[in-house]
Amino acid sequence: MKNKKIEGIIDEIIDQYAYADNSNRPWIIGFSGGKDSTVLLTLVWIALQRIRQNIPFPYQLKRPVHVVCNDTMVENPIISNYVDDVLVKIAQEARNQDLPIFIKKTTPKLEETFWINVIGKGYPVPNNTFRWCTDKLKIRPTSNFLLEQIDEMGEAIVLLGTRYDESATRERSIRKHEVTGKRLSKHQTSPNTYTYAPIKEMLLEEVWYLINTVPSPWGFDNSILFQIYADASADDYECPTVVVNKNHTSCGQSRFGCWTCTVVKNDKSMTAQVNNGKNWMQPLLDFRNRLIENRNKPENRKGTRRNGQIAVNEEGNIGNYEEHYRYEILKDLLEIQKQIQIERPHITLINNQELIAIQVIWNRDMYFDKTVGELYKKIYDKEINTQKNQSLNDTENRIIKEVCSDTPEYFSLISNLIDLQQTKTLMITKYGLHNDIEKRIEKFATEKK
């Protein structure tokens, strides 16, 4: 490699890995699949290859390097598929080259996914004043893995792909926490954790130069990543990349994230992808825009939050989403998923576990008017198993109906109570069941009056 600056970064990584730090504290690389994390991992990989080649055994490669990729489960589908392919290749080549590089993919807990919060619990979609998504979908999953490493090894070092050149704000943030003359800085939030930013002085041109000229050490085609950025770039932005190929005339400075992101006013990346020929993503973009348009309509919101706190202002209700609106979101989402899966069956916008959990939450919220299973069957024309087992078979249901023939409302009450019991079975806990049953009976008694 002829670039002196890049060679200097590799030498520094070798020194930090093998000499400057005598411990075996694990390195943790946050890998998004984007340009900066790809460059960071490339340089670390090359450094490990050189350590294996030049440093005598047994002093080499004792420190594990964990490549941690967080999947919010609502990632841009193009990026998500690309990252999955890359992670498979990284894992294969790390084994083939006998490097201590290990893949870890983190995801939110089921009860904290985007769709569980929005469709299940009725959380309003995130905005700048209520940005609940970052913590639940990104920070908690990766923090849990980080804590596991600290518990096992005592300390850990997180390698960051941040660069001064990204923005003035990012440069101020990096400089605020770095220690003069030291490569490692204390992690802002995690105890016993340090950060290391080897590529912080690289310019955007140098990032793209490396991606376009240095073959991927894990054998992936970097031109795919370049094309993803090119497709997601606005027409009025010309990336100052070093041109090494006639096809590499421009690229993007786009930022990829969740396709459902409602924090930004306009999703420029997804809009550009549609404009650049990814027409199948138009329904996703339209759906995301509808989430924003319908977010603050009082008719879609309750007058209370989930904790019972009153949530009303001069414009009307500002609490959680009404059940009827949650149902409409799910209906819209499933219809789009079915449409996209005709040509791209591998794309899943909401999985079966989430559908089951949504039904569980609706039951707990005493919403029995409509079910996830009925909606799924209506759209897909097939059953989805939203229960591990049926509490009552057809004969038992018929007998109860006959007994309650004079008072059909009692049959509805019994069915609802059985659903609540089944909900607790699905959640593998009986906690709160007594209160739920009492609430349903109280609601029934009130309706009878």
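At-a-glance table
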item	result
Residue count for the range 28-67, restricted to those that are among the aliphatic types (A, V, I, L, M) and under 20 Å from residue 146 (Cα atoms)	7
Candidate set: the range 305-330, residues that are acidic (Asp, Glu) and within 29 Å of the chain's Cα centre (by Cα); chosen: the one nearest to residue 283 (Cα to Cα)	328
From the options 125, 118, residue that is in contact with a Pro (Cβ under 9 Å, 6 or more places away or on another chain) and within 30 Å of residue 304 (Cβ to Cβ)	118
Selected residue [of a type in the set (A, V, I, L, M, F, W, C) and under 30 Å from residue 336 (Cα atoms)] from 114, 102	114
Tally, over the range 129-156, of residues that are out of contact with any strand residue (DSSP E or B) (no Cβ under 8 Å at 6 or more places or on another chain), assigned to a helix (DSSP H, G or I) and not hydroxyl-bearing (Ser, Thr, Tyr)	9
Given (1) within 27 Å of residue 259 (Cα to Cα); (2) assigned to a loop (DSSP other than H, G, I, E, B); (3) modelled with pLDDT under 90, index of the condition residue 180 fails	(1)
Residue, surrounded by the most Cβ atoms within 10 Å (Cβ to Cβ), within the range 217-251, restricted to residues that are more than 25 Å from the chain's Cα centre (by Cα) and modelled with pLDDT of 50 or more	217
Residues of the range 23-72 satisfying the condition of being under 22 Å from residue 137 (Cα atoms) and assigned to a strand (DSSP E or B)	28, 29, 30, 66, 67, 68, 69, 70
Residue match in the range 74-83 (condition: within 30 Å of residue 325 (Cα to Cα) and in a loop (DSSP other than H, G, I, E, B))	yes
One residue from 399, 358 being within 19 Å of residue 332 (Cβ to Cβ) and either at pLDDT below 90 or in a helix (DSSP H, G or I) (or both)	358
Index of the failed condition, residue 87 passing every other in (1) more than 24 Å from the chain's Cα centre (by Cα); (2) in a helix (DSSP H, G or I); (3) not hydroxyl-bearing (Ser, Thr, Tyr)	(1)
Hits in the range 15-56 (condition: closer than 17 Å to residue 163 by Cα and among the polar types (S, T, N, Q))	32, 37, 38, 42
Unmet criterion (only one of (1) in contact with a helix residue (DSSP H, G or I) (Cβ under 8 Å, 6 or more places away or on another chain); (2) buried (at least 16 other Cβ atoms within 10 Å of the Cβ); (3) modelled with pLDDT under 95) for residue 288	(3)
Matching entry among 343, 315, 299, 293 (being touching a helix residue (DSSP H, G or I) at 6+ places or on another chain (Cβ under 7 Å), without any contact (Cβ under 8 Å) to a residue 60 or more places away in the chain and loosely packed, with under 13 Cβ neighbours inside 10 Å)	315
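The values are calculated or read from the model by the stated rules, or taken from the named source; none is laboratory data. As the structure is a prediction and not an experimental result, all values here were calculated from the model. When we count neighbours, we look across all protein chains shown, and the Cβ atoms used for this are built from the backbone with ideal geometry, even at glycine.
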